[in-house]
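Undergrad: First the structure, which I've put down as structure tokens, then a few questions once you've had a look.
The values are calculated or read from the model by the stated rules, or taken from the named source; none is laboratory data. The structure presented is a predicted model; accordingly, all values stated were derived computationally and were not measured. Note that we place each Cβ from the backbone using ideal geometry, even for glycine, and neighbour counts take in every protein chain shown. Surface areas here come from the heavy atoms of the whole protein model, side chains and all, with no ligands, DNA or RNA. Shrake-Rupley method; radii C 1.70, N 1.55, O 1.52, S 1.80 Å.
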Amino acid sequence: MDTKYIFVTGGVVSSLGKGIISSSLARLLLSRGYSVTIQKFDPYINIDPGTLNPYEHGECYVTVDGHEADLDLGHYERFTNIHTTRANNVTTGRIYQSVIDKERRGDYLGKTVQIIPHITDEIKRNVKALGKTGKYDFVITEIGGTVGDIESAPFLEAVRQLRWELGRDALLIHLTYVPYIRAAKELKTKPTQHSVKQLQQVGLQPDVLVLRTEKDIPAAMLRKVAQFCNITPEAVTQSVDAPTIYQVPLLMHDQKLDEIVLNKMGLSAEGEPDLSGWRKFLHHIENADKTVRIALVGKYVELQDAYKSINEALFQCATYLDHKLKLEYVHSEKLTDDNVAEKLQDMDGVIIAPGFGQRGIEGKFVALRYCREHDMPTFGICLGMQCMVIEFARNVLGLAEANSSEMNPTSPHRVIDLMEEQKSVHDMGGTMRLGAYDCRLEEGSHAARAYGSTDIRERHRHRFEFNSDYREAFEKAGMKCVGENPDTHLVEVVELPDHRWYIGTQYHPEYQSTVLAPHPLFMSFVKAAIAYGEERGGAEA
Ligand code: GLN
């Protein structure tokens, strides 16, 4: 069949969860046997979110091919279980860069280069590029931002043209918000009507509406929206707040979203999607009757999107183990020798978060010393692993000034040092060691047992690495380098074999954990945390 293109726009307010709706629709179509990919356009000028502070944009997700991407791509992968790539996340900056490069090459043959048609053509080329791979029945394209923003105008124009060109092979879903006015005790659809009008003004008529709402919207109100927005009544659906994002595919199936989309695109909607694996996971969510308490030590405690993939990986694994996840964010900047016991003693496991720069780093060492000395299940990820190495150097090897050259380039003991190939790098954007690399694990190590394999492949995002000059000293003192890159011999995993679970990974396993394939290392960590909790008396739900 010809590739079908589904566009998802949002109106009224931002943060409506276009990514979750797109992912849920993808899940439903996949469960009906179609091949699907999801793509996101971000209307900002940055080439990618890699240089953005988490306060601006939450977590930076990393794809297997080493693209620093919007965190929605994490949702896409968690819901679809399919890898995304650089082609799945395109910013205004990338579009302009490509057009300007073409202009410099002389590709435009003396023409004036303009937003229309050159920028819009470049957007269209990027939409179709995924379809042209021949791998997908459906390409779902999420347009970031809110309809009416100046920034998203060229994207909407590109969508308008594509719909015209593709006819029935294109469909537009518009997501809006229906506020509940507490004082009047009423749901209001006027913002939705205005938002659809705004789309109509740029020549776009949505085919399907998804109304985000806190409360059930009465059928008569949905009919009214259909009537005022030129939409067939069955295609006005609602998406009521759900206890977890993972319920949304089923809720949207109840709203017949998959059926509506298929019918509108001329495909049969007979039969039911096979959601058995998904339902099994939801069943575990309902069954979880105990609690596992994990502390996440990091500096973005007030900003939980900064650690989105870690949060979701932990939730997935705890759920499969029939536990509710109680995740406590512990502010690394505020941790001291005096308060660390109070903050961590009731925890079943501790994660030391990834990150950059000096802020909050000393608190991570305080936490790690406590965890190591109390033999708590401890998981260091990227900077967290590097901190494990530094803390061990300082407090076990007696190298009091040990550090990473990121934090102190003149430290006499740079146990974490800049990677060789990074020494000539000056630009910040897209220049880290990024994407998936092979790693060989030592047979019999905790890590290899957790994976059930010695050959793994995981995603990276860092400039600094374990300094191999110190490897022997560490191993002699009990911290083993149990994972390394088979080609470069970079150390990728360290562990304390005599501890119950004390593992640090230079890579980010959280990017690979999905609902249908929860990550084995997170699974092993959460299991160890549950066992540790039970050993100490267990926690009530
Ligand atoms: N700042 C460290 C580095 O660049 C760790 C990065 C991270 O945690 N993602 O090596």
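Undergrad: So which residues in the range 469-487 are in contact with an Asp or Glu (Cβ under 9 Å, 6 or more places away or on another chain) and either away from the ligand (no atom under 15 Å from the Cβ) or of a type in the set (Gly, Ala, Ser) (or both)?
TA: Taking the range 469-487 as the starting set, the residues that turn out to be in contact with an Asp or Glu (Cβ under 9 Å, 6 or more places away or on another chain) are 469, 478-487.
Within the range 469-487, 469, 478, 479, 480, 481, 482, 483, 484, 486, 487 qualify.
Undergrad: While we're looking at this one, here's another question. If I go through the range 396-430 residue by residue, how many of them are of a type outside the set (Gly, Ala, Ser) and open to solvent by less than 40 Å² (accessible area, probe 1.4 Å)?
TA: Let us first name the residues in the range 396-430 that are of a type outside the set (Gly, Ala, Ser), namely 396-397, 399, 401, 403, 406-410, 412-423, 425-428.
If we keep only those that are open to solvent by less than 40 Å² (accessible area, probe 1.4 Å) as well, we get 399, 403, 407, 415-417, 419, 422.
Number satisfying all stated conditions: 8.
Undergrad: Within the range 1-42, count every residue that is open to solvent by 10 Å² or more (accessible area, probe 1.4 Å), closer than 20 Å to residue 209 by Cα and either outside any loop (DSSP other than H, G, I, E, B) or in contact with a Cys (Cβ under 7 Å, 6 or more places away or on another chain) (or both).
TA: Matching residues across the range 1-42 total 6.
Undergrad: Also: If I go through the range 361-377 residue by residue, how many of them are within 16 Å of the ligand (Cβ to nearest atom) and either hydrophobic (A, V, I, L, M, F, W, C) or crowded, with 24+ Cβ neighbours inside 10 Å (or both)?
TA: Residues flagged as within 16 Å of the ligand (Cβ to nearest atom) and either hydrophobic (A, V, I, L, M, F, W, C) or crowded, with 24+ Cβ neighbours inside 10 Å (or both) within the range 361-377 amount to 6.
Undergrad: Does residue 84 satisfy the condition of being within 14 Å of the chain's Cα centre (by Cα), touching a residue at least 24 places away in the same chain (Cβ under 8 Å) and under 28 Å from residue 251 (Cα atoms)?
TA: Values: within 14 Å of the chain's Cα centre (by Cα): yes; touching a residue at least 24 places away in the same chain (Cβ under 8 Å): yes; under 28 Å from residue 251 (Cα atoms): yes.
Yes.
Undergrad: List the number of the failed condition for residue 448; all other conditions in (1) closer than 14 Å to residue 491 by Cβ; (2) open to solvent by less than 30 Å² (accessible area, probe 1.4 Å); (3) touching a Ser or Thr at 6+ places or on another chain (Cβ under 7 Å); (4) more than 15 Å from the ligand (Cβ to nearest atom) hold.
TA: (1)
Undergrad: Turning to a different aspect of this structure: Within the range 320-330, count every residue that is assigned to a helix (DSSP H, G or I) and free of Cβ contacts under 8 Å to residues at least 40 places away in the same chain. Break it down into steps so the answer makes sense when it comes.
TA: Of all residues in the range 320-330, those assigned to a helix (DSSP H, G or I) come to 320.
Subset that is free of Cβ contacts under 8 Å to residues at least 40 places away in the same chain: none.
Number of matching residues: 0.
Undergrad: Give the residues of the range 499-541 that are under 10 Å from residue 348 (Cβ atoms) and either of a type in the set (Ser, Thr, Tyr) or under 18 Å from the mean Cα position of the chain (by Cα) (or both), sorted by residue number.
TA: Matches in the range 499-541: 532 only.
Undergrad: Within the range 422-463, track down each residue that is in a helix (DSSP H, G or I) and at positive phi.
TA: Scanning the range 422-463 gives no hits.
Undergrad: Within the range 465-488, is even one residue among the small types (Gly, Ala, Ser) and open to solvent by 50 Å² or more (accessible area, probe 1.4 Å)?
TA: Yes.
Undergrad: Going residue by residue through the range 78-85, is there one that turns out to be open to solvent by 70 Å² or more (accessible area, probe 1.4 Å) and among the hydroxyl-bearing types (Ser, Thr, Tyr)?
TA: no
Undergrad: Can you run down the residue pairs with Cβ atoms below 6 Å, 6 or more apart or on separate chains, where the first is in the range 197-222 and free of Cβ contacts under 8 Å to residues at least 40 places away in the same chain and the partner is among the acidic types (Asp, Glu) and in a loop (DSSP other than H, G, I, E, B)?
TA: 214/241
Undergrad: Within the bounds of the range 414-426, is there any residue that is away from the ligand (no atom under 15 Å from the Cβ) and over 29 Å from the mean Cα position of the chain (by Cα)?
TA: Yes - at least one qualifying residue is present in the range 414-426.
Undergrad: Oh, and also: Which pairs do you get when a residue that is within 16 Å of the ligand (Cβ to nearest atom), found in the range 380-401, comes within reach of a residue that is modelled with pLDDT of 95 or more and of a type in the set (D, E, K, R), reach meaning Cβ atoms under 6 angstrom, with the pair 6+ apart or on two chains?
TA: Hits for this filter: 387/364; 391/369.
Undergrad: Of all residues in the range 251-262, which are touching a residue at least 12 places away in the same chain (Cβ under 8 Å) and open to solvent by 30 Å² or more (accessible area, probe 1.4 Å)?
TA: 251, 255, 256
Undergrad: Would you say residue 42 is of a type outside the set (Ser, Thr, Tyr) and under 30 Å from residue 194 (Cα atoms)?
TA: Here the answer is yes, as residue 42 does meet what is asked.
Undergrad: Would you pick out the residues in the range 312-345 that are of a type in the set (Val, Ile, Thr) and either closer than 17 Å to residue 534 by Cα or buried (at least 18 other Cβ atoms within 10 Å of the Cβ) (or both)? Don't jump to the end; show me each part of the working.
TA: Our first condition is that a residue be of a type in the set (Val, Ile, Thr); within the range 312-345, this holds for 319, 330, 336, 340.
Passing the criteria: 319, 330, 340.
Undergrad: Go through (1) farther than 20 Å from residue 55 by Cα; (2) in contact (Cβ under 8 Å) with a residue 40 or more places away in the chain; (3) open to solvent by 90 Å² or more (accessible area, probe 1.4 Å) and name the single condition residue 356 misses.
TA: If we test residue 356 against (1) farther than 20 Å from residue 55 by Cα; (2) in contact (Cβ under 8 Å) with a residue 40 or more places away in the chain; (3) open to solvent by 90 Å² or more (accessible area, probe 1.4 Å), just (1) comes out false.
Undergrad: Return the only residue of 520, 509 being touching a residue at least 60 places away in the same chain (Cβ under 8 Å), within 16 Å of the ligand (Cβ to nearest atom) and within 29 Å of residue 249 (Cβ to Cβ).
TA: Exactly one residue qualifies, and that residue is 509.
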